[in-house]
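Just so it is clear, none of the values below were taken in a lab; they were calculated from the coordinates. Quantities reported herein were computed from a predicted structural model and do not represent experimental measurements. Neighbour counts run over all protein chains shown; Cβ positions are idealised from the backbone, glycine included.
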């Protein structure tokens, strides 16, 4: 897994201004298949990396307009068969990529990859973590090579392309930003499924047939034929395991963390009860939550293993998600404006500020971008098929030509890859006066 800043500007759906975008991918080392993709505004957080890891178990559905060779069927032999009425009446849907079960994750030393969030997810899923050596690109050679391939074969043909360095930068590429973040991610997903997965790679060979160069899709079939089917977990509640976790005691009023109080009927049997967990979590219970939507938290009953929703005490006053960063920023605004601020007053003041169009600082733009992206994902099925009709995306896919060999032996190529952005800490919020230029000036200091 790795993260890089894209060499193309995206469009801010809130202010219609250009914005930096970062791409996080997960790659299967054996087949070179891309198992997870996520495009994020400005900076990447640990919740984004966990989302990419989750896509390895649950691939996104393929678009109905994709060619047949780009759609992945269900691999393996099912233990049981369940007939879906909708599948019988309507067309069968495939996946956008292969479903795998990671055993080891190779990561760099970026903040999001060594965070407690991602390491706890890997611990729950039984995944080993193998850190790469400092400033040694060849330890992650295939994924670094993928970043260069996507820049040369896809991004440079899109409007808003700014190049990898100042010498490749055109005249005012910011004004050419055209694609929203969700559209840019959809274009990358389709390019990976249609072109990249079916292009022969020099490093994908069978020792028994050294002259045969295979594509990632062919290599996946080769691995299935040699090792058998992959049994991925089919738990419908698997996504909860990839959320951030807080260990708290269950009080008579519920649980609280981050200055927020959550409650629900599912906590009744465990109020003021000591948990059986030992170690650092002794006596406390795990509470899962999404940093991009803090209006809810989730608790799994240890007896029935059923997940229950806990509601934030101020959630009924709003009808939209609220991120952890947005609440922290709202509290700062309220503290500077009111003598006795509270969360209800802080959130109301922040929403009023955004509705009046005053949310123009860098920090507020970033929070609004993440909120708008989460809203787009809820309506992604309706918009996914429209991206293929966009002129630039259609031109790139139409002019791709026959598959060409992609040399991955060039692992030492220096690919611009600034470290991912801040994590979920309140102290890492950008200052209001900080500009995009100086946002990462001291990262390597």
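Length gained on full extension, residue 157 to residue 301: 46.7 nm, using 0.36 nm per residue less the C-alpha separation. Taking the average, over residues, of other Cβ atoms within 10 Å as the packing measure, peptides 48-61, 208-221 rank 48-61, 208-221 from highest down. Between residue 68 and residue 249, the modelled label-to-label distance comes to 6.4 nm, taking each label 7 Å out from Cα in the direction of the beta carbon. Per-residue packing, averaged as other Cβ atoms within 10 Å, sorts the ranges 300-308, 235-243, 1-9 into the order 1-9, 235-243, 300-308, beginning with the highest. Over region 243-368, what is the mean sequence separation of C-alpha contacts under 8 Å (at least six apart), divided by residue count, expressed as relative contact order in percent? So the answer I get is 19 percent. Extension gain, residue 340 to residue 130: 0.36 nm times the residue separation minus the Cα-Cα distance gives 70.8 nm. From largest to smallest, the equivalent ellipsoid semi-axes obtained for region 243-368 from the alpha-carbon gyration tensor read 31, 14, 13 Å. By the count of other C-beta atoms within 10 Å, a proxy for reagent exposure, 317, 46 are ordered fewest to most as 317, 46.
Peptides 100-110, 335-345 ranked from most to least packed by the mean count of surrounding Cβ atoms within 10 Å: 100-110, 335-345. A simple spin-label model places the labels of residue 272 and residue 225 6.7 nm from each other, with each point 7 Å out along Cα-to-Cβ.
Label-to-label distance, residue 167 versus residue 311, with points set 7 angstrom from Cα along the beta-carbon direction: 6.1 nm.
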